[in-house]
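The values are calculated or read from the model by the stated rules, or taken from the named source; none is laboratory data. Since the model is a prediction, treat every value here as computed from it, not as a measurement. Here the Cβ is made from the backbone with ideal geometry for all residues, glycine too, and neighbour counts use every protein chain on show.
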Amino acid sequence: MAVKVQIPTPMRPHTGNLPTVDVSAATAGEALRELCKLHPAMEQRLFDNGQLRRFVNIFINDEDIRYLENLDTKIKDSDDLAIIPAVAGG
Amino acid sequence: MSTSFVRGMKCRLCAKIYPVTPVNFCQDDFGPLEIDYDYDAIRAVLSKEKLEARSFNMWRYQELLPTDGEPTVGLHVGGTPLVKACRLGQALGFNNLWVKNDAVNFPTLSFKDRVVAVALSKAKEFGLTTVGCASTGNLANSVASIAASAGLKSFIFIPADLEKAKVLGTSVYGAQVIGVKGTYDEVNRLCTQVAFKYGWGFVNINLRPFYAEGSKSMGFEIAEQLGWRTPAQVVVPMAGGALIGKISKGFHELHRIGLLHDAPTTKFFGAQASGCSPISTAVKNGWDSHRPVRKPNTICKSLAIGDPADGYFAGKLIRESGGWAEDVSDDEIRDAMILLAQTEGIFAETAGGVTVAAAMKLLQQGKMDADAETVLCITGNGLKTSEAMANKVPEPVVIGTSLQEFEAIHQGHREPALA
């Protein structure tokens, strides 16, 4: 499935300044792994020992994947996947 | 010339240092950035005498706040009363109880004026002309008011179902108010996207490291008002979970710069509504991290944050300080609001009801000590959430203008209404 991954502005130096990265994936986790293949600097920023870091939130079409099936959440063609820093609000 | 004692911003996870810019997270691990001060330099210049000669508002602790020089907005924020609460103490069973009353904070009657004063002073320093926030109401009021006084344009994002008084108390200042059909957490996610896309100063997003520091002033004031010492127990309402940590940080900073003789040993107790209790649930279950709440459901909308940004740190502080956390039902919240009003004459918003009711529960459970000096943090004003009290207080008795009519009521079965 073709999916657009949104990169938060302060992290764009690690994606060649691209605001979005197009990948092909069946799940949220796969999409992030594909992103990291294309832009290896993102790997250690998103993951710690294979686990998504504590202050990274992932949304598929504006829904937090923790309310879906986490990294196993299925992706449909043309879905949007947004990487959102969690330290906001309150 | 800069009079700031800020050395930079430091990641709370990896300790990487960043220059002072409007960014809230570490670009290595997404960790929260926190202001890093030169405490030795502050210790050398700040004395109790110097500080006590200043006006009693939050800026008397200016050296411990992250503005670069003099603040430019929110100059009269803070300096709220610490009330000895004997009658409430008697009702709850506490023998040495105080209420820190930010329900009368200036200008918008909640503790949020403290954080906004810092955030918008920073926004001006950064040359930002448009500011905003994601808010459950109190922050909306404060950003709109202080932005208006500073001549800044503001975009305020709120869940569309907020209390009417909180919406009116935002729009009146000329802010662009956007009601979003979703939960606070959804509003917050949208604002994170807007903040970085448009480069605006969102006080609790890209200005969050500065914003959060403003909450320390509640801790500074409590310690100073107690005569430069810290209480044994503090009860704090938790939404995003930042305030409880910043009160603790404030106590420790005062000790570090030599204004407190003894190192703080305060136990921190967190209060939430049962309809949205990710942090208290995590504490009670011994979880390291909170589990987010998708659909909060409580009359206490100001605390209805299902995925608190500081949930992890709040839980850690509560455990490490020897405190605990509790959550309370909507009925318990309303009853506690009435109890606070009728014992101390303080009409707090629903979050105040949460704090009072949680303190009562924690004492009954033996988690709190009845004899230890205790401070309850009241963070917002009851007039903003009057809808929550519908049918809880009697309607006024209406009579004609004659003495006889009054006496008929007075000698009757019910007392004249208080309203």
Among (1) among the small types (Gly, Ala, Ser); (2) modelled with pLDDT of 95 or more; (3) at negative phi - the single one B:GLY366 does not satisfy: (3)
For the stretch B:25-32, indicate whether the set of residues that are within 30 Å of B:LEU376 (Cβ to Cβ), in a loop (DSSP other than H, G, I, E, B) and modelled with pLDDT of 95 or more is non-empty. no
Pick out, from the stretch B:108-181, the helices (runs of 4 or more DSSP H) lying fully within it that include 2 or more residues that are among the basic types (Lys, Arg). B:112-125, B:164-171
Looking at the stretch B:214-257 only, could you name the residues that are more than 19 Å from B:PRO81 (Cβ to Cβ) and within 14 Å of chain A (Cβ to nearest Cβ)? B:MET238, B:ALA239, B:GLY240, B:GLY241, B:ALA242, B:ILE244, B:GLY245, B:LYS246
Kindly indicate whether any position in the stretch A:20-40 is within 12 Å of chain B (Cβ to nearest Cβ), of a type outside the set (Phe, Trp, Tyr), surrounded by 13 or more Cβ atoms within 10 Å (Cβ to Cβ) and not in a strand (DSSP E or B). no
By residue number, the members of the stretch B:170-200 that are surrounded by 23 or more Cβ atoms within 10 Å (Cβ to Cβ) and away from chain A (no Cβ under 13 Å) are B:THR170, B:ALA175
Are any residues in the stretch B:274-292 facing another protein chain (nearest Cβ under 10 Å) and either in contact with a Phe, Trp or Tyr (Cβ under 8 Å, 6 or more places away or on another chain) or buried (at least 20 other Cβ atoms within 10 Å of the Cβ) (or both), and if so, which ones? B:ASP288, B:SER289, B:PRO292
Consider the stretch A:50-90. How many of its residues are within 12 Å of chain B (Cβ to nearest Cβ), within 20 Å of B:GLY31 (Cα to Cα) and either part of a loop (DSSP other than H, G, I, E, B) or of a type in the set (Gly, Ala, Ser) (or both)? 9
Can you name the residue in the stretch B:15-64 that is aliphatic (A, V, I, L, M) and within 13 Å of chain A (Cβ to nearest Cβ) and is also nearest to A:ASN17 (Cα to Cα) among such residues? B:VAL23
Looking only at the stretch B:1-14, and only at residues there that are part of a strand (DSSP E or B) and within 14 Å of chain A (Cβ to nearest Cβ), the one that is surrounded by the most Cβ atoms within 10 Å (Cβ to Cβ): B:MET9
Matching residues in the stretch A:66-90 - criterion: being of a type in the set (A, V, I, L, M, F, W, C), touching an Asp or Glu at 6+ places or on another chain (Cβ under 9 Å) and modelled with pLDDT of 95 or more: A:LEU71, A:ILE75, A:ALA82, A:ILE84, A:ALA86
If you take the residues in the stretch B:49-63 that are under 21 Å from B:ARG114 (Cα atoms) and among the basic types (Lys, Arg), which one is farthest from the chain's Cα centre (by Cα)? B:ARG54
